[in-house]
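The values are calculated or read from the model by the stated rules, or taken from the named source; none is laboratory data. All values derive from a computational prediction rather than experimental measurement. No Cβ is skipped: glycine too gets one built from the backbone with ideal geometry, and neighbour counts run over all protein chains shown. Accessible surface is based on the protein model in full, side chains and every heavy atom, while ligands, DNA and RNA are left aside. Shrake-Rupley method; radii C 1.70, N 1.55, O 1.52, S 1.80 Å.
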Amino acid sequence: MISANITSLLATYIDALHILHHHGVLDGYGHLSVRHPDNPPTFFMMRQVAPALVSGLDDIGEYRVSDAEPVHPDTPAAPIERFIHSELLKRYSDVNVVLHGHPNELIACSIAPEARLKPVIHMAPFLGSNVPIFDIAALYQPSDTQDFLVRNQRLGAALAAEFGGSSDSPYPPHNLVLMASHGFAAVARDIKLATYMGVYAVANARVQSQALQLQQVAGMGHAPRAAGDDIVYLDERQIRDSWETEIRTVEKPWGFWVREVRVDPLYVNELGRE
Ligand SMILES: [Zn+2]
């Protein structure tokens, strides 16, 4: 029997997975985790199933932060890349939620270093002015399976370090890291913020890409400009002030997003029935 507050937390967790799928942040792959609020050395994460199809407690397991192994022996298998979650939760004590996915818009940014992902919309200041790119290929040892997946603690710890700060920083300076040819990972203090970041990171990448294309077309016939440096980005002050505003307004889209997925028969949330 789980407590009422954990049931509520996991209902929010399931809604978040459905929202992230509905908005194209997650597809048949990708995953989300949340630290156990009453037992911080463990975290909850979905089993090896598509995010849209997570519907109840049978789809969610509890895993150890120390090694990503299940707390209970009968727990269903977690995703291969569970080390993304365990290592980020291990390194940063104030991170409670980890999100990982493979949206095309962000993969494109991960392999176009001349057009670095930067905030172009006021809803995406959490990106900061310098989004790191984690290049797993540079870390491979000959015995590694070189399929881009974060398959062990060593690779998970290297990804976590990419978020920056010192080894005892409770929260990293970067909220989101691109993963070259793969996708992204993001961290947050709660599930709603992580969902917000996923949705608006993809939106920002889409708008930035469109703006770069428009600018290139408009500039045809003129003298060439510096690559990737010719559209308008938020400056440092705008990034800081926008985030202070946006971080207080997350409840507004969240309520709408929950309604959107709850009326869609594709998504079932057994814990979210009113
Ligand atoms: Zn992945």
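In nm, what is the difference between 0.36 nm times the number of residues separating residue 58 and residue 139 and their Cα-Cα distance?
25.6 nm is the gain from fully extending residue 58 to residue 139.
Give me the distance between the Cα centres of segment 97-159 and segment 53-89, rounded to whole Å.
The two parts, judged by their Cα centres, are 21 Å apart.
Under a 10 Å cutoff between Cα atoms, tell me which one of 234, 176, 26 has the largest fluctuation in the Gaussian network model of the chain.
So, out of 234, 176, 26, the one fluctuating most is 234.
Are there any chymotrypsin sites (Phe, Trp or Tyr not before Pro) in segment 1-53 that are in a DSSP loop and have at most 16 other Cβ atoms within 10 Å? List them by number.
Those that pass, being in a loop and sparsely packed, are 29.
Go through segment 155-253 and name the trypsin sites (Lys or Arg not before Pro) that are in a DSSP coil and have 16 or fewer other Cβ atoms within 10 Å of their Cβ.
Of the trypsin sites (Lys or Arg not before Pro), the ones in loops of segment 155-253 whose Cβ has at most 16 other Cβ atoms within 10 Å are 189, 225, 248.
Report, to the nearest 10°, how far helix 4-22 tilts away from the longest principal axis of the Cα atoms in the chain, using its own Cα long axis and a range of 0 to 90°.
40 degrees
Please give the per residue accessible area of segment 96-245, computed with a probe of 1.4 Å over protein heavy atoms only, in Å².
Heavy-atom SASA per residue in segment 96-245 reads 47 Å².
Output the 0 to 90 degree angle, nearest 10, between the alpha-carbon long axis of helix 191-218 and the longest principal axis computed from the alpha carbons of the chain.
20 degrees
So how exposed is residue 87, as accessible area in Å² (1.4 Å probe, rounded to 10)?
Residue 87 has an accessible surface of roughly 10 Å² with all protein chains in place.
Over the chain, with a Gaussian network built from C-alpha contacts below 10 Å, which listed residue (143, 93, 242) shows the highest mean-square fluctuation?
So, out of 143, 93, 242, the one fluctuating most is 143.
Taking a ≥ b ≥ c as the square roots of the eigenvalues of the Cα gyration tensor of segment 132-274, is the shape rounded (a/c under 1.5), prolate (a/b larger than b/c) or oblate?
oblate
Can you tell me the orientation of helix 82-91 relative to the chain, as the angle in degrees between its alpha-carbon axis and the longest Cα principal axis, to the nearest 10?
80 degrees
Rounded if a/c is under 1.5, else prolate if a/b is larger than b/c, else oblate: which is segment 56-176, with a ≥ b ≥ c the root eigenvalues of its Cα gyration tensor?
Cα axes put segment 56-176 in the prolate bin.
Using a 1.4 angstrom probe on heavy atoms only, work out the carbon and sulfur share of the accessible area of segment 4-262 in %.
Within segment 4-262, the accessible surface is 53 percent carbon and sulfur.
Given an 8 Å cut-off on Cα distances and at least 6 residues of separation, report the relative contact order of segment 4-262 as a percent.
Contact order relative to length: 22 percent.
I need the shape label for segment 84-146. Rule: rounded when a/c is under 1.5, else prolate if a/b > b/c, else oblate, with a, b, c from the alpha carbon gyration tensor.
oblate
Mean separation of Cα pairs under 8 Å and 6+ residues apart, divided by the residue count of segment 148-203: what relative contact order is that in percent?
Averaging sequence separation for qualifying contacts and normalising by length gives 19 percent for segment 148-203.
Just flag the chymotrypsin sites (Phe, Trp or Tyr not before Pro) in segment 82-146 sitting in loop per DSSP whose Cβ has no more than 14 other Cβ atoms within 10 Å.
140
Helix-derived [θ] at 222 nm for the chain: sum -39500 (n - 2.57) over DSSP H runs of at least 4, divide by residue count, nearest 500?
Per the formula, -11000 deg cm²/dmol.
Where nothing but the Cβ of Lys and Arg (+1) and of Asp and Glu (-1) is charged, how large is the charge dipole of the chain around its Cα centre, in debye to the nearest 20?
300 debye
Can you give me the long-range amide H partners of residue 42? Hydrogens built in the peptide plane at 1.01 Å from N, cutoff under 5 Å, separation of 5 or more residues or another chain.
36, 65
What FRET efficiency, computed as 1/(1 + (r/R0)^6) with R0 = 25 Å and r the Cβ-Cβ distance, is obtained for residue 213 and residue 236, rounded to the nearest 0.05?
0.45
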